[in-house]
Amino acid sequence: MANIDVGNAGDLQSQIEEVEALSSIYGDEWCVIDEAARIFCIKITDDIDYPKLKACLQIILPHDYPSAAPPVYQINAAWLRGPDRKTLSSSLEELYVANTGESILYLWVEKVREFLLEKSQSTDTGENRMSCLIDNEELPPIKLGETITERRSTFQPHLAPVVTPRQVRMVLDKLFENKKIASATHNIYAYRIYCEEKQSFLQDCEDDGETAAGGRLLHLLQILDVRNVLVVVSRWYGGILLGPDRFKHINNSARNILVQEGYASSAVRPFLPISNVSKFGIRPLLRIPFGPTV
């Protein structure tokens, strides 16, 4: 902060005032990740008393925000994908354009909350029509696996037994209550649930910005023929590109916790990287005109 130009003193003062106001408004939901680098995170829910959906909005404030540059942001939510992620990102960008030069974070937070509320209501309607649901569902136990660290990137696996999609969401929500997990660069997950009634599998996955990682993780679960389990791998990017090795670490983290919890045999061969995926590169948080970082 001491190296900021005098010409940007007004922006710095605006940032300080905005951060103080947000900290006062949101309390424990507001998290300072790196004050010197102006990196912050806020946990957002659709409902304060009875939250169903949660997201973490991670923010970097450039030295010339708000006068000339927008905040750099990343939305961490394991359930947020595809069209929904694009829709929310577009909404935030439109808000910035309509309020260029002004402090925008409060409007962004409330826009994300509004989106969560709409999504929660639509999800409830859809889940009421699903089979593979049971009454009086409880939060399953969540297991923590050993971390893998390479070139300052850290991979942390989590596992929970699940028998319904609602339990999947409950586990993800619980994990995101942890500020460290919520602020991970990626939270990749996959699950498989066996529906006795239909004699078929209900399965899904999420990349969370790490292209193709969710599909690879689900493929691992299929190869191991595991059922009624959710695996989440959190990755904290350390600033050095890993190339295809990142897929190896994601799947080896998942495999290790599956072995640890008795879902797979330790004799299963570790996942190996595939050479033709090197085009999927991880990018660190960068200053960009608009849009989330991945």
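Shown here for segment 87-125: GluC sites (Glu not before Pro) in loop regions (DSSP other than H, G, I, E, B) with at most 16 other Cβ atoms within 10 Å, namely Glu102. If you take the Cα centroid of segment 198-265 and the Cα centroid of segment 99-120, the two points sit 32 Å apart.
The value given for segment 13-124 is a Kirkwood hydrodynamic radius of 14.5 Å, derived from the mean inverse Cα-Cα separation.
Backbone geometry of segment 20-32 corresponds, through the Karplus equation with coefficients 6.51, -1.76 and 1.60 at θ = phi - 60°, to 3J(HN,Hα) couplings of 4, 5, 5, 4, 5, 6, 9, x, 5, 6, 8, 10, 8 Hz, x marking Gly and Pro.
Between Asp47 and Ala9, the simple spin-label model (points 7 angstrom out along Cα→Cβ) gives 5.0 nm. Note on Asp84 and Lys179: the model spin-label points, each 7 Å out from Cα along the C-beta direction, lie 2.6 nm apart. Under 5 Å between amide hydrogens, built in the peptide plane, is the criterion, and for Ser153 it picks out Gly238 among residues at least 5 positions away or on other chains. Counting only aspartates and glutamates at least 8 places from Lys86 when in the same chain, those with an alpha carbon closer than 19 Å to its own are Asp46, Glu94, Glu110, Glu114, Glu118, Glu206, Asp207, Asp208, Glu210. Packing here is the average count of other Cβ atoms within 10 Å per residue, and on that basis the peptides 228-241, 200-213, 178-191, 9-22, highest first, run 178-191, 228-241, 200-213, 9-22.
Shown here are the Rg and Dmax of the Cα trace of segment 41-103, at 13.2, 38 Å.
Which of Lys119/Lys248; Lys119/Lys198; Lys143/Lys198; Lys52/Lys180 have a Cα-Cα distance over 24 Å?
With Cα atoms farther than 24 Å apart: Lys119/Lys248; Lys119/Lys198; Lys143/Lys198.
A short reminder: the numbers here are calculations on the coordinates, not readings from a lab. The shown structure was predicted, so the numbers you read here are calculated from the model rather than taken from an experiment. Using ideal geometry, Cβ is built from the backbone for each residue, glycine included, and neighbour counts are taken over all protein chains shown.
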